[in-house]
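The values are calculated or read from the model by the stated rules, or taken from the named source; none is laboratory data. Just so it is clear, the model here is predicted, and its values are computed rather than measured. Virtual Cβ from ideal backbone geometry, glycine too; neighbours counted across all protein chains shown. What goes into the accessible areas is simple: the full protein's heavy atoms, side chains included, and nothing from ligands, DNA or RNA. Shrake-Rupley method; radii C 1.70, N 1.55, O 1.52, S 1.80 Å.
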Amino acid sequence: MALSALMYASNTSAQNEVTLHDSDGKSINVPTRKALPVDARRARYPGFKQESIVLKAGSVRREGAKPLTCDILLERDVPVTLRDGVTIYTDVFRPVAEGRYPAIMAWSPYGKEVGGQMLDDVPGRSGVPLNATSGLEKFEGPDPAYWVAKGYAVVNPDKRGAYMSEGNLLYWGHEDALDGCDVIEWIASRPWCNGKVGMSGNSWLTVSQWFIAAEQPEHLAAIAPWEGFCDHYRESGTRGGIPTPEFPEMIAETFASNGGRLEDQPRMIVEKPFMCDYWQDKAAKIENIHIPAYVVASYTNSVHTHGSFAGFRRLGTSEKWLRVHNTNEWYDYYTPENVEDLRRFFDRYLKGIENGWEETPRVRLSVLNPGGQDIVNRTEDEFPLARTQYRRLYLSASDGTLTPSLPESTATDTYVSEDTNSSVSYRLCMEKPTEITGYMKLHLWVSAPDHDDMDLAVKVEKLSKDGKSLPDQAGNLIAATGFLRVSMRRLDEQRTTEAEPYYTFTAEQKLKKDEIVPVEIEIWPMGLYFNEGEILQLTVGAYKPAQASIPFGSAHITIPKEGYTYMPGTETEMQTLGGNEMECADRSEVIVSPVTHNKGRHCIHAGGQYDSYLYIPEIPDKSK
């Protein structure tokens, strides 16, 4: 871990700002906002209590949860002093028997177990049964009941500023990563630890792994990033150069702190729309990670898909494995066979067990087949696939088709960007079974006769032979997507490849009157299988802000007032937490989506001198 940049977040003279420092020691002033108080209903804080207790086998945390299969020693609200003297608090779950055990840390601000975000807030718990876990786990984190029974400790900190932990609550970046390093080294120094620490968890807990592992803490021995972005600006906050604060704002409103303030990242999305020092600090230096990594990805997550694949590809270690699933992140994370698979990985690198993990295929791939049977766990050697055959499908504006050759004559499709149906579509009927897996892009000639900019949204999807949408088994429509603000179209020529545009995002290039310009629109990774006669449809339209509306904090969670767990059927005094997802620290600080850069007509030019085309990765059968 580089120590030259051990500089700490500190309050500036401006009351509502915090000064951060990047890995080069550069100062970055950042606005803050109020966090929820810890006694807010939606924060669901179960209370501060420093105690060491044994949770008995057969007991439960809440009704309907999985009973514990072994005794567990729980140390609650253990203080950990960070390098600048700030104290944070963590829960530690470990075996009762004396010994030295590897540890798994789950790093997030969501609460040490019950907290402001829980699967109970999500419709149908995203398919995860209540009895799939013990309820001891923090949101999106490993279940201590399972891991302790397998000879591990699980450490669930409240990171800086979260709940009763001191300081201001920070997002990812260099300083938050150093906090994580501090805790990893603290864990490794405990007499019950064997000196090896791993990290596990989904979403926020994955993003944290990218950043913390990149700082190379000495005792971090393996990571398991289970879907999560690695570049907040490019993959979440300002994808395609379009500020999209909706999802970050929804998340920010759930955070609770005992007097600390929250780094106002939604505000930064709106107020800092270009690449800058702040956003550079929110991009993990994944090439610096040289420890074993088990990476999980999917094609269908609107926040995590790109970063999961990019993280795997950019890892500096050769000991890396990728599994691409076909369900959703939470369901996949808690599916028993996947938990067992992860245990084999950790057994190898945290316990040193020679269990043959190295023979695991480097890539286990899913290919989605809406309307049919998905391909799951197909073994591959790499991603993207070396046998990929790229193909150009040219847009034909005269008849709305995609064609393998450039139409000779020029034609234009036009829609009005403010209209409800502000899009145009182009189709290709597959003449034979076809797999499209990997990275796509759309090379497009556009103009905006009534304005100087355009916000574009594109999607590629599969339709049935008669042109109808094909939902997956969960009823969701599957599409590969891409966004671009046309004024942000400038490419970084050194990092751009034929299949993957990479934008600088440092300056605007506004459209001139009647100017027709080419743009390269990045489309996130996808795996789709088409049977003969099924249809590939490309849709180009005006970007419209999406509403992020998961009711975090709404579910009522009932747990014991004392004792942490209880034996089913016994008389136990209980407390119920949660039930107010509308609670907000300060409504005046809420960030709303800025207006789009769409106005009037959008024109798509194709044919002749305008070689608009969709670039697709076709995958030949391995057996041929």
* Asked: For the chain, what's the radius of gyration and Dmax over Cα atoms, in angstrom?
  -> 24.9, 81
* Asked: Classify segment 50-93: rounded, prolate or oblate, from the alpha-carbon gyration tensor (a ≥ b ≥ c, eigenvalue square roots; a/c under 1.5 rounded; otherwise prolate if a/b is larger than b/c)?
  -> prolate
* Asked: How high is the relative contact order of segment 176-291, given as a whole-number percent (alpha carbon pairs under 8 Å, six or more residues apart)?
  -> 27
* Structure fact -> Dividing the alpha-carbon radius of gyration of segment 463-502 by 2.2 N^0.38 Å, where N counts its residues, gives 1.83
* Computed over the chain: relative contact order in percent, which uses C-alpha pairs under 8 Å that are six or more apart -> 16
* Tell me, what is the per residue accessible area of the chain in Å², probe radius 1.4 Å? -> 38
* To do: Using only the alpha-carbon atoms of segment 287-364, report the extent along each of the three principal axes, biggest first, to the nearest angstrom.
  => 37, 31, 18
* Asked: So what's the gap between the Cα centers of segment 266-282 and segment 479-521, to the nearest angstrom?
  -> 19
* For segment 464-481, 3J(HN,Hα) per residue [Karplus equation, 6.51 cos²θ - 1.76 cosθ + 1.60, θ = phi - 60°, Hz, x = Gly/Pro] -> 6, 4, 9, x, 9, 5, 10, x, 7, 5, 8, x, 8, 8, 9, 8, 8, 10
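How would segment 51-136 be classified by its alpha-carbon gyration tensor: rounded, prolate or oblate, with rounded meaning a/c under 1.5 and the a/b versus b/c comparison settling the rest?
Numbers: a/c = 2.37, a/b = 1.24, b/c = 1.91.
Oblate shape, in that a/c is at least 1.5 and b/c is the bigger or equal ratio.
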* Can you give the direction-averaged projected area of the convex hull of the alpha-carbon atoms in segment 377-456, in nm²? -> 8.3
* With viscosity set to 1.306 mPa s and temperature to 10 °C, compute the Stokes-Einstein D of segment 526-624, Rh being the Kirkwood radius across alpha carbon pairs; µm²/s, no decimals. => 74
* Structure fact -> Counting only residues 5 or more apart in sequence or on a different chain, those whose built amide H sits under 5 Å from that of L315 are none
* Structure fact -> Quick calc, E337 & E382: beta-carbon distance into FRET formula, R0 30 Å, rounding 0.05, result 0.80
* Could you pull out which residues in segment 370-395 have an amide N less than 17 Å from a spot 7 Å beyond the Cα of E359, following the Cα-Cβ vector? => 379-380
* **Evaluated over segment 467-608, the Cα radius of gyration and Dmax, each in Å** => 24.6, 79
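In the structure shown, do any of K66/K159; K138/K159; K513/K599; K272/K513; K272/K599; K66/K138 have a Cα-Cα gap over 21 Å, and if so which? Walk me through the numbers on the way to the answer.
Numbers: K66/K159 27 Å; K138/K159 13 Å; K513/K599 14 Å; K272/K513 27 Å; K272/K599 23 Å; K66/K138 15 Å.
With Cα atoms farther than 21 Å apart: K66/K159; K272/K513; K272/K599.
Can you send over the carbon and sulfur percentage of the accessible area for segment 529-595, probe radius 1.4 Å, protein chains only?
On the way: 1760 of 3430 Å².
The value for segment 529-595 is 51 percent carbon and sulfur by accessible area.
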* **P(r) weight above 27 Å for segment 36-194, C-alpha pairs, percent** => 22
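Over segment 225-348, what portion of Cα pair distances is larger than 19 Å, expressed as a whole percent?
Working: 4320 of 7626 pairs.
For segment 225-348, the fraction of Cα-Cα distances above 19 Å is 57 percent.
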* To do: First check a/c for segment 571-618, with a ≥ b ≥ c the square roots of the eigenvalues of its C-alpha gyration tensor; if it is under 1.5, answer rounded, and if not, answer prolate when a/b is larger than b/c or oblate otherwise.
  => oblate
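What value, in deg cm²/dmol to 500, does the helix sum -39500 (n - 2.57) over DSSP H runs of n ≥ 4 give at 222 nm once divided by the residues of the chain?
About -3500 deg cm²/dmol.
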* To do: Only Cα pairs under 8 Å and at least 6 apart count here; give the relative contact order of segment 186-230 as a rounded whole percent.
  => 44
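Counting each pair of different Cα atoms once, what's the Kirkwood radius of segment 86-130 in Å, rounded to one decimal? Each step should come with its number before you reach the end.
Values: mean 1/r = 0.0733 Å⁻¹.
Evaluated on segment 86-130, it is 13.6 Å.
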* Asked: How large is ³J(HN,Hα), in whole Hz, for each residue of segment 241-256 in order, when computed from phi with the Karplus curve 6.51 cos²θ - 1.76 cosθ + 1.60 and θ = phi - 60°, using x for Gly and Pro?
  -> x, 9, x, 10, x, 4, 5, x, 5, 4, 5, 4, 6, 9, 7, 10
